[in-house]
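Heads up: the structure comes next, in structure tokens.
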Amino acid sequence: MHSHYLIHKPYGYLSQFVNNGPKQGKKKLLGELHDFPEGTMAIGRLDEPSEGLLLLTTDGMMSEMVRGKKVEKEYFAQVDGLVNQEAIRKMEEGVEIGFHGKKYVTKPCAVCIINDPKFPNRTQKIRDPKHGPTSWISITLKEGKFRQVRKMTATVGFPTLRLVRVRIGNYKMEKFTSGEVLPLKEIEV
């Protein structure tokens, strides 16, 4: 019998259970949030400064199936500056980013400007408001290259300051709090 979980990954955590990097012991890992069974793995990842929904499973075939189905993932990104429609259009059509030392053009996706979602403050301040305005966008992808959203917004001139994944397929963050772990009977995407 396999175990499945939906978690709200907090800012500052790695999307893994073991740290083999140079700063072992200094990084926060998912295992600190809950007593997960041995063999639990993240389906996809969020980088250390990113927050939001993450699916976990002990079923490797389920992990491959979810990633293979190109499930929609929606992110809310707070970007530096007042994003404009030209930048939105470019991201929707696909922009060139670096991936594994090569150039890659992102697939078309849904992007729109949104109101401030009023997320709780995170543990580290984003930046001082005197450095200028920020804006929020929603980006919905069916792919997930390494740091893709951050690279896309930077390419069009609006670097990401805060990134929160708010939806994976049918799973939505809604009132899910940072660090919360929800056991699932099965994963339905």
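The values are calculated or read from the model by the stated rules, or taken from the named source; none is laboratory data. Values in this document were obtained by computation on a predicted structure and should not be read as measured data. In this analysis, Cβ positions are derived from the backbone assuming ideal geometry, glycine residues included, and neighbour counts consider all displayed protein chains.
Things worth noting here:
Each row is one residue, and each column tells you yes or no for (1) surrounded by fewer than 17 Cβ atoms within 10 Å (Cβ to Cβ); (2) at positive phi.
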{"position": "Leu54", "(1), (2)": "no, no"}
{"position": "Val83", "(1), (2)": "no, no"}
{"position": "Ile88", "(1), (2)": "no, no"}
{"position": "His100", "(1), (2)": "yes, yes"}
{"position": "Ile114", "(1), (2)": "yes, no"}
{"position": "Lys125", "(1), (2)": "yes, no"}
{"position": "Lys130", "(1), (2)": "yes, no"}
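- For the stretch 135-189, filtering for residues that are aromatic (Phe, Trp, Tyr) and assigned to a helix (DSSP H, G or I) leaves 0.
- Any hit, the stretch 58-72, residues being free of Cβ contacts under 8 Å to residues at least 24 places away in the same chain, crowded, with 18+ Cβ neighbours inside 10 Å, under 17 Å from Lys142 (Cα atoms) and in contact with a Leu (Cβ under 9 Å, 6 or more places away or on another chain): yes
- Considering each residue of the stretch 26-48 in turn, none proves to be at pLDDT 95 or above, more than 24 Å from Glu188 (Cα to Cα) and within 20 Å of the chain's Cα centre (by Cα).
For every residue, the table says whether it meets (1) touching a residue at least 24 places away in the same chain (Cβ under 8 Å); (2) out of contact with any Lys or Arg (no Cβ under 7 Å at 6 or more places or on another chain).
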site	(1), (2)
Pro108	no, yes
Val111	yes, yes
Gln124	yes, yes
Lys142	yes, no
Gln148	yes, yes
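- Residue in the stretch 134-141 that is hydrophobic (A, V, I, L, M, F, W, C), under 16 Å from Gly44 (Cβ atoms), modelled with pLDDT under 95 and touching a strand residue (DSSP E or B) at 6+ places or on another chain (Cβ under 8 Å) present: yes
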